[in-house]
1. For segment 116-130, how many residues meet the condition of being hydrophobic (A, V, I, L, M, F, W, C) and farther than 10 Å from residue 149 by Cα?
2. Residue 97 - would you say it is assigned to a helix (DSSP H, G or I), basic (Lys, Arg) and open to solvent by less than 20 Å² (accessible area, probe 1.4 Å)?
3. Can you tell me which residues in segment 101-114 are open to solvent by 10 Å² or more (accessible area, probe 1.4 Å) and either touching a Gly at 6+ places or on another chain (Cβ under 8 Å) or in a helix (DSSP H, G or I) (or both)?
4. Suppose the filter is assigned to a helix (DSSP H, G or I), open to solvent by 60 Å² or more (accessible area, probe 1.4 Å) and in contact (Cβ under 8 Å) with a residue 40 or more places away in the chain; does residue 663 pass it?
5. In segment 115-134, which residue that is of a type in the set (D, E, K, R) and either touching a Lys or Arg at 6+ places or on another chain (Cβ under 7 Å) or outside any helix (DSSP H, G or I) (or both) is surrounded by the most Cβ atoms within 10 Å (Cβ to Cβ)?
6. Hey, any hits in segment 521-531 for a residue that's within 30 Å of residue 252 (Cα to Cα), free of Cβ contacts under 8 Å to residues at least 24 places away in the same chain and buried (at least 18 other Cβ atoms within 10 Å of the Cβ)?
7. Report, by residue number, each residue of segment 324-335 that is of a type outside the set (Phe, Trp, Tyr) and either open to solvent by 10 Å² or more (accessible area, probe 1.4 Å) or not in a helix (DSSP H, G or I) (or both).
Amino acid sequence: MRRVHSFLFLLFSLALIPSVFAEDELAAADDAEVLAGHSYHGDSFNEGPRQAAYLMKGMGNVHFPATCKTEEVQKFVDQGIGQLHGFWFFESERSFRQAAALDPDCAIAYWGMAMSNKSKADRARGFIDEAVKRKEKTTEREKMYIDSLAAYFKKTETKKDEKVDKAKQKEADKKRRQALVKAYEEILHKFPEDIEAKAFLGLALYENKSKGIPISSYYAVDALFKSILAENPLHPCHHFIIHLWDYEEPENAVASAALCGTSEPAIAHMWHMPGHTYSRLKRYHDAVWQQEASARTDHAYMMRDRVLPDQIHNFAHNNEWLIRNLIFIGRAHDALDLAKNMIDLPRHPKYNTLSKSGSTKYGRMRCMQTLSTFQMWDEALKLADTIYLEPSDSKTEQLKRNVLVARASFHSGHVLEGCDLLTQIKNDLTKLETERDEAAQKAIAKAKKDKKNEKDQKAAGERAKRGFSSRVRTLETAENELEGHLHYAHNAYVDAAASFAKVSSFDKGWLASVQQLAGENEKAIETINKHVSGHKNETVPLAWKVSVLWNADKKDDAKKAFAELQKISETIDLDVPVFQMLKPISAELGFKADWRQPREKSKDFGERPNLQELGPFRWSPSAAPSFALQDHNEEIRSLTEYSGKPVVVIFYLGHGCLHCAEQLKAFAPMTEKFEEAGLSLIAISTDGQEDLKISHENYGKEEFPFPLVANADLDVFKDYRCYDDFEKQPLHGTFLIDAAGQIRWQDISYEPFMEPEFVLKESKRLLAQPGEASNTGQQNVTASP
């Protein structure tokens with residue numbers, strides 16, 4: 001039975017008694033009882049999907065026979081297997097949970113949950129333990145699968161305070177991986193017709209490569225996968241073939257690249273993976289198509305099932321790589337638009353902030369790259385005053401921003417502003433060097449005090465200095481580059497070229513142009529030829545080559561380079577500066593103003609659907625379900641009451657939930673700050689209306705600062721997906737709903753969201769964004785082949 005306290009006691013005690021008391025009480029209760037919102041089945045079931053699965057269209061053509069009660073359960077098992085093959089682990093776990101909910105004795109469903117969490121050993125262990133408990137009711141084949149994974153996740157016992165021997169740990173990991181490979185082979189000895197065992201075996205052999213177990217023969221593993229395709233030509237193991245050859249011989253994966261997305265079209269990652277193959281082969285237009293298909297598929301899924309973008313494995317990675325490839329094919333405006341869209345997306349402290357590898361970090365990185373590559377300096381200065389290039393608390397990110405803004409300033413006639421930023425960087429470098437030298441002297445003094453000899457004293461000082469090396473180098477690099485731009489702004493091209501040459505990351509095409517301005521034609525040609533050679537089929541390096549050769553009076557060579565550029569020019573944006581510099585050259589060569597040419601389509605690309613059929617190009621928020629619920633005064637409070645203004649909606653689990661009381665205690669004092677930002681607050685409780693009345697009466701002389709409304713029958717909880725469909729219990733939820741009634745941000749969890757400051761800051765950021773265009777009828781970034 002869950003703990004039941006009066007709302008009065010909770011809020012009163014939390015307000016007046018030291019917080020450690022509440023924590024002690026909670027800790028004591030945790031030992032015996034399940035907290036509201038937590039799973040009845042243990043910690044492994046707290047994380048992951050808590051809403052019911054459904055049978056999706058576009059899953060893999062796979063079958064994995066399982067001992068289960070109904071055909072429906074088998075369908076969810078098969079769906080989960082297909083999702084495993086597509087690395088869609090969040091949804092594969094959901095499918096297996098659904099199978100277990102329909103048939104609690106289906107042991108293979110718990111095995112599938114463990115397989116969905118192979119990178120999360122503790123969770124996987126909890127799931128496989130449940131499978132082991134039920135394995136006696138299964139077939140011999142299923143027992144072999146369950147036993148092999150149970151052995152893989154068997155916890156190694158260590159004595160208390162025993163130090164972890166990393167070498168032994170690594171060796172033990174190798175052994176368990178090799179044992180799993182052997183286990184799959186044992187399954188195939190007994191059940192040679194089991195092509196899923198072949199798929200898992202081949203994947204294990206590939207994955208072991210990154211864990212110190214080399215692949216002895218890539219062709220042997222490839223042959224294993226090809227034996228599957230001989231029986232099932234659209235088996236999703238096409239995905240594994242792409243991984244297998246990715247860094248070895250990508251040409252060998254071209255056939256699978258043509259079929260991978262088609263084998264499981266509802267899984268975004270299956271469209272993404274061929275982008276690896278095409279990128280490795282420098283077929284960037286084909287790669288862009290794949291990555292856009294992946295983004296559209298993810299967007300359709302996220303909007304349909306109301307999932308925030310960065311909750312999805314690989315989403316941000318796919319989109320940032322798409323931007324990279326858009327840059328390569330010259331789509332400057334689309335690259336910038338996508339980068340800004342990534343920055344626009346909702347942030348969450350768990351998986352999308354500037355310090356994590358999510359949309360925010362990748363979007364900002366690719367935004368800066370796009371602006372610099374295409375020399376869009378005016379646009380860069382405009383964005384410097386927006387959320388897209390806003391100042392950052394991170395020193396690293398702030399330095400990157402300042403370098404970009406200074407670069408843009410020097411080349412837009414704002415030299416003094418650029419000098420100010422250069423001076424700031426010089427001052428930061430001087431300060432850091434002083435800190436470094438002081439740290440070295442302090443280390444030497446300590447070594448001397450400890451009676452160390454002169455050699456050891458010197459070594460101590462050097463060690464202290466090394467702790468500053470990376471930061472010093474970063475500032476020195478920034479200083480060198482900006483000094484180069486300052487020289488360039490004053491037409492001191494020799495000095496500019498010398499400064500830029502010190503910066504290894506400086507655009508080599510631009511460097512060649514500066515070298516040429518410095519009178520070093522031969523050096524410039526050498527630089528640009530080397531650069532283009534290492535950047536095959538990229539439009540910007542070729543544009544620089546045309547310019548450098550033309551200005552060197554090597555017009556025949558420039559014309560040949562221009563012809564190479566035209567072969568891949570179909571989609572470039574002619575209005576950006578790096579292509580505008582070719583305008584007089586194209587005119588003198590007698591080309592049309594629009595000198596782009598259609599691209600010859602790849603014959604081995606395969607059949608592809610229309611991109612718009614897969615989903616919208618951008619994620620957009622979903623409409624918030626309506627509600628009309630009573631407060632403690634029996635007054636109806638509805639979502640329509642907040643029409644035209646934003647509101648934060650909190651779902652809490654009644655007066656019996658101590659964590660919920662802590663959440664309300666955290667949000668209540670900030671009500672005024674939310675209101676100052678134009679935001680209302682309302683909390684929806686699992687309590688009945690009478691319990692709300694008692695809570696308000698006992699709260700004190702003042703009314704609770706925002707409305708509390710009752711939803712005892714939980715229909716609104718279910719509408720907002722704040723409900724565990726598997727265990728039939730409500731979950732915690734926090735939502736930002738904008739003035740148009742769209743859900744802009746959300747957190748649904750077994751625990752309440754306890755950071756009101758984050759909600760307020762993120763709400764301000766999201767609501768300050770300009771309105772987004774509708775996805776309806778939106779144009780493709782690239783044309784369908």
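1. Residues flagged as hydrophobic (A, V, I, L, M, F, W, C) and farther than 10 Å from residue 149 by Cα within segment 116-130 amount to 2.
2. yes
3. 101, 102, 110, listed by residue number.
4. So residue 663 fails the test.
5. So, considering only residues that are of a type in the set (D, E, K, R) and either touching a Lys or Arg at 6+ places or on another chain (Cβ under 7 Å) or outside any helix (DSSP H, G or I) (or both), the one surrounded by the most Cβ atoms within 10 Å (Cβ to Cβ) is 125.
6. yes
7. Answer for segment 324-335, where residues must be of a type outside the set (Phe, Trp, Tyr) and either open to solvent by 10 Å² or more (accessible area, probe 1.4 Å) or not in a helix (DSSP H, G or I) (or both): 324, 329, 330, 331, 333, 334.
One line per residue, one yes/no per condition, for (1) more than 38 Å from the chain's Cα centre (by Cα); (2) surrounded by 19 or more Cβ atoms within 10 Å (Cβ to Cβ); (3) β-branched (Val, Ile, Thr):
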{"site": "484", "(1), (2), (3)": "no, yes, no"}
{"site": "487", "(1), (2), (3)": "yes, yes, no"}
{"site": "500", "(1), (2), (3)": "no, yes, no"}
{"site": "503", "(1), (2), (3)": "no, no, yes"}
{"site": "514", "(1), (2), (3)": "no, yes, yes"}
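The values are calculated or read from the model by the stated rules, or taken from the named source; none is laboratory data. As the structure is a computational prediction, the values presented were derived from the model and not from experiment. Glycine gets a Cβ as well: all are built from the backbone with ideal geometry, and neighbour counts include every protein chain shown. Each accessible area value is taken on the protein alone, full model and side chains, heavy atoms only, with ligands, DNA and RNA left out. Shrake-Rupley method; radii C 1.70, N 1.55, O 1.52, S 1.80 Å.
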